[in-house]
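One structure is given below, encoded as structure tokens.
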Amino acid sequence: MMKSHVSTLMIAGLLTATSAVAEEKPVLTVHTYDSFASEWGPGPAVEKGFEATCGCDLKYVTAGDGAALLSRVIMEGGRTKADVVLGLDMNLMAQAAESGLFTDHGLGDVKYTMPVAWDDPVFVPFDWGYFAFVYDKTKVKDVPTDFKALAASPLKIIIEDPRSSTPGLGLLLWVKSAYGAGAAQIWKDLADNIVTVTPGWSEAYGLFLKGEADMVLSYTTSPAYHLIAEKDDTKAAAPFTEGHYLQVEVAAKVASAREGDLADRFLAYVTSPEFQAVIPETNWMYPAITPASGLPDGFQSLVAPAKALVYPAGEAKKIRDEALGEWQAALGR
Amino acid sequence: MLTLDHLSLTLGAFRLEADLTVPGPGVTAIIGASGSGKSTLLAAIAGFLAPVSGRILWNGQDMATLAPGDRPLTMLFQDQNLFPHLSARKNVALGLSPALRLTAAEWARVDEAMARIGLGGLENRLPAQLSGGQQARVALARVLLRARPLLLLDETFGGLGPALKEEMLDLVARLSAETAATVLLVSHDPDDARRIAPQTILVADGQAQPPVATADLLANPPPGLRRYLGT
Amino acid sequence: MASRARPLRPGVWGVGGGWVAAAALLLLTLGTTAAVLWRAGAAPLPGAADWVAVRFTVMQAAASAAISAALAIPVARALARRSFPGRGLLISLMGAPFLLPGIVAVIGILHVFGRSGWISQLLGRFGLPPLEIYGPVGVVLAHVFFNLPLAVRLILQGWRDIPAERFRLAASLGFRSRDINRLLEWPMLRAILPGVVLAIFLICLTSFVVALTLGGGPRATTVELAIYQAFRFDFDPGHAAMLGVVQFALCLGATLVALWVTAPTGFGAGLDRPLRVWAASGPLARLVDAAILAAAAAFLLAPLLAVLLAGLPALTRIPASLGQAALRSVVMAGLSASMTLGLTLALAHAALSRGLAGRLAEAAGMLTLAASPLVMGTGLFLLLYPIMDPTSAALPVTVVVNAAMAVPFSLRVLLPSLREVDADYGRLSESLGIRGWTRLRLVTLPRLRRPIGFAAGLAAALAMGDLGVIALFGNPDQPTLPLEVFRLMGAYRTEAAAAGAVLLLALSFGLFWICDTWGRNADA
């Protein structure tokens, strides 16, 4: 009897949220993507840092990626429990703004160190990066310097599907912004280089590390992980002369936030040196504001694109359907 | 006393009528050609087949609302009378408790019945480890414990050798006499009827005839039976 | 008159529990789709791109199902009629691919068949170009790798269900291999194959990670990807729900075809004697069977070995949090499997009743296979959101959904056996008054021990390996093991992820092996 009691309790404990600790502290609910909140992401450090000053309990609720995150918040609509949504990117901003679920951050003038000027009243950028093709220096000797050279080379690449992944969409807009009407031709020329198109970044990067392709669509910051965490300097990103497409990740306050003041304070924390210092070695992206102490060793060795390509949020939404059509037509054969 | 009151059965295109009374106790044989409907009749009495019309009465009581297991009868099939995964003892014990929840005294009765029927020492065997004759005895031991007033045998011993079959038939006759049970014995072999059944129901041409003395029936077979007997 | 008369009334189980189970499954599948539709307010009709996706989906699923089933026949046959040391272990091991999480299986396959895989490396030694499996070939190859084990097990079950007495009779009549084939094996296959093909077809219908990763590009767009696109790219839940409906329609069509071509075997019962086929004991037949088994084992086990080899080096450095997640996943898998068995038994009893009702119950049991996980998760989210906090419901909901997802498999495993048990012992039980729970305890469960062990193992392992809906419900503090492995992959920790995959594989397989062995000990 006793024994079955214990096991029941154990099961209950494993299955239910550990909300048993009776705390009267206010709870700030932050909806974010899963890898931000995971043990290996910035989440734990950010939670600890903010809770040290806010006198509150910061709780993450997660979705698979940025698109899933927005999709969830839109589904919840006005009844959402989220106070802050963190982890949308520029391609989702227009959709997010249209939903009317978000409100101004009221942060005043923040000095971002990003390749683009930022004055959006609603969305607060917290990190950014360039999409790039990553390769193994020991295996690829003739590194292409633009899409045309890549297409002409015998190199095999793995890319992500724009319909289900953020980098995939980024690549779509990258080619479109660099080549405009010529994008369709670039895709046709790239078709024989593409080994496969994966549903997400994890699959693509995993296959690349396994040796299934010479290059993979990732970020210019990816080699920093290998360099810093694994002391492996064989990975590099190929700089392209067309410029690189920019991804900016943002956070925003939910209009119906129950903890409005805490949400404001959290957004201010997001732009603080403490938060920003956590980003490089957990999210493996550039912080939106370079900390006074500079970037960690290893980030200096990364390629610095000569030109940042990016569509303003509203325009990206208009262009992506046309770009997707070209992509499907070129690769669908 | 079993009464089939204007009973009408159908199974697909097949149709069988019966309007008769079987007085008890004692053994009554049901004979007829293969496919004449002997088993169908038994299935209806046992409750596996709902009549199209008419009633089946036991001592004047309509059995229509009773589930097969609740009817005052035990049925032994052509085969599959034992559960292969249960020991002989448990197979017998099902006759006392369908849930196999027996008191010590009831288990003692199980063992006693098995011993009486010649199964001593085989209690813990599985059916596959028993001979055909032993399997038949296990089924009969269960009949004994169920102690229902009516016993239906559907060609039950068809698979046994002649000597063994006769032994089993005699055992049935003995049990019937001891427990004052009414037995309906379906068989395609007139000798079975001759051996233990004083009276016989002939099933032929879609009709189950009222029981008549077996000796008379076999001595002066009507046309339907004559065809079957080949005389 | 060997009459198999209509019973007076259906089993007690069939009435209550069966319909409750069917209703629960309908709510999870059609109900969730309706919730998404209702939320969207409108659903556009499928466009040209959708039909292209439907066509590719059906083609790859049909090819995968046909090839898996066809290859499974000789393998199951060889396993059925040969006994050798390690046979039981081989049967269990060969089942493992089916239990793998999609991405782990894909990586395993690529270790062997990929551009840098073992075969390509071997080809490279001879100056030959690497294998190019990306494209429809790769999709089908992966699906066969996944589903061949299921097909083998289901068909092997069919061989077991032919009573040994029939083979003995065949031997005594001097049947040759060909005669056994025609008179015993073919009728069994006629009865079993449609269900097997259907199950695999439906599994491949909702394929996502496999189809996309190995598909080589937008040519390999499945309906499930189109659903993803509708939700995540177009923010058009109406379109997604409509595509969900299309998947159900495909499922319904395939199910009707399968039911239509299925013929009952009517072998009757035997006395549990071990199976031995007399006719096929010649040296040539032995050699052929050995070759078939060796080939199948190599095909199925090499990728598993590759996954193991890749993960073992990092196994000692496995992050501590994975242990917690693993324990949580094991408990959840156990709960899921129990729930699957309950649902399946109830449903299977309902499916015993003749006519439309029985067929409907059977169809309800297949429905979750056709359900898009994304639509189901989203619909559940919409249904639960007004009543409770979805985040705190994440684990219970995952348990329930994983349980429901395994029902089609366990139903395929249990139903044919239950039908046989009912045909063979239904009347005997009825006549002895063994009914309801007693019948379940004394007759049905013991007689079904082997398929129950298999089904429970399948359900537990599937629940263990499935990412399920947990990612949608988003509770970051209580990850399951698959989620944790996926997180490691997403955080560049490829080595740790590989080690996590080994842990996942070991636990999935361990759960399966324990249940399956328990079932197979029925013979001992």
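The values are calculated or read from the model by the stated rules, or taken from the named source; none is laboratory data. All figures in this text were calculated on a predicted structure; none of them were measured in a lab. Cβ sites come from the backbone with ideal geometry, for glycine too, and all protein chains shown count toward neighbours.
Scanning segment C:91-104 for residues that are buried (at least 24 other Cβ atoms within 10 Å of the Cβ), over 26 Å from residue C:252 (Cα atoms) and within 14 Å of chain A (Cβ to nearest Cβ) turns up at least one hit. In segment B:20-67, which residue that is part of a strand (DSSP E or B) and on the phi > 0 side of the Ramachandran plot is farthest from the other protein chains (Cβ to nearest Cβ)? Only one residue fits best here, namely B:26. Taking the listed residues C:156, C:148, C:183, C:122, the one that is over 28 Å from residue C:246 (Cα atoms) and within 16 Å of the chain's Cα centre (by Cα) is C:156, with no other qualifying.
Of B:42, B:57, B:66, which residue is at pLDDT 90 or above, surrounded by fewer than 21 Cβ atoms within 10 Å (Cβ to Cβ) and not polar (S, T, N, Q)?
Numbers: B:42 fails: surrounded by fewer than 21 Cβ atoms within 10 Å (Cβ to Cβ); B:66 fails: at pLDDT 90 or above.
Just one listed residue meets the conditions, B:57.
Taking first residues from segment A:158-178 that are among the aromatic types (Phe, Trp, Tyr) and partners that are surrounded by fewer than 24 Cβ atoms within 10 Å (Cβ to Cβ), the Cβ contacts under 7 Å between residues at least 6 apart in sequence or on separate chains come to A:174/A:309.
Filter the helices (runs of 4 or more DSSP H) completely within segment C:417-502 down to those with at least 2 residues that are away from chain B (no Cβ under 14 Å) and within 28 Å of the chain's Cα centre (by Cα).
On the way: elements: C:436-439, C:449-465, C:470-473, C:481-490.
In segment C:417-502, C:449-465, C:470-473, C:481-490 are the helices (runs of 4 or more DSSP H) which contain 2 or more residues that are away from chain B (no Cβ under 14 Å) and within 28 Å of the chain's Cα centre (by Cα).
Between B:92, B:143, the distinction of being within 30 Å of residue C:448 (Cβ to Cβ), under 14 Å from the mean Cα position of the chain (by Cα) and not aromatic (Phe, Trp, Tyr) belongs to B:143 only. Is one or more of the residues making up segment A:44-57 at the interface with chain C (Cβ under 7 Å from one of its Cβ atoms) and assigned to a helix (DSSP H, G or I)? Checked against the condition, which is being at the interface with chain C (Cβ under 7 Å from one of its Cβ atoms) and assigned to a helix (DSSP H, G or I), segment A:44-57 yields no hits at all.
Restricting attention to segment B:168-209, the residues that are within 14 Å of the chain's Cα centre (by Cα) and either buried (at least 19 other Cβ atoms within 10 Å of the Cβ) or hydrophobic (A, V, I, L, M, F, W, C) (or both) total 20. Here residue A:117 clears all of (1) surrounded by fewer than 22 Cβ atoms within 10 Å (Cβ to Cβ); (2) within 30 Å of residue A:68 (Cβ to Cβ); (3) within 14 Å of chain C (Cβ to nearest Cβ) except the condition numbered (3).
In the set (1) among the polar types (S, T, N, Q); (2) free of Cβ contacts under 8 Å to residues at least 60 places away in the same chain; (3) more than 7 Å from chain A (Cβ to nearest Cβ), the condition left unmet by residue C:229 is number (3). In segment C:384-394, what residues are part of a helix (DSSP H, G or I) and surrounded by 24 or more Cβ atoms within 10 Å (Cβ to Cβ)? Of everything in segment C:384-394, just one residue is part of a helix (DSSP H, G or I) and surrounded by 24 or more Cβ atoms within 10 Å (Cβ to Cβ), namely C:394.
Got a sec? Which of C:79, C:30, C:37, C:90 is within 21 Å of residue C:202 (Cα to Cα) and either modelled with pLDDT under 85 or part of a helix (DSSP H, G or I) (or both)? Steps first, answer last, please.
Details: C:79 fails: within 21 Å of residue C:202 (Cα to Cα); C:37 fails: within 21 Å of residue C:202 (Cα to Cα); C:90 fails: within 21 Å of residue C:202 (Cα to Cα).
The unique qualifying residue is C:30.
Where helices (runs of 4 or more DSSP H) fall entirely within segment B:68-170, none has at least 3 residues that are facing chain C (nearest Cβ under 9 Å), on the phi > 0 side of the Ramachandran plot and touching a residue at least 60 places away in the same chain (Cβ under 8 Å).
Here segment A:67-80 is the region considered, the condition is being touching a residue at least 40 places away in the same chain (Cβ under 8 Å) and surrounded by 19 or more Cβ atoms within 10 Å (Cβ to Cβ), and the residue that is farthest from the other protein chains (Cβ to nearest Cβ) is A:73.
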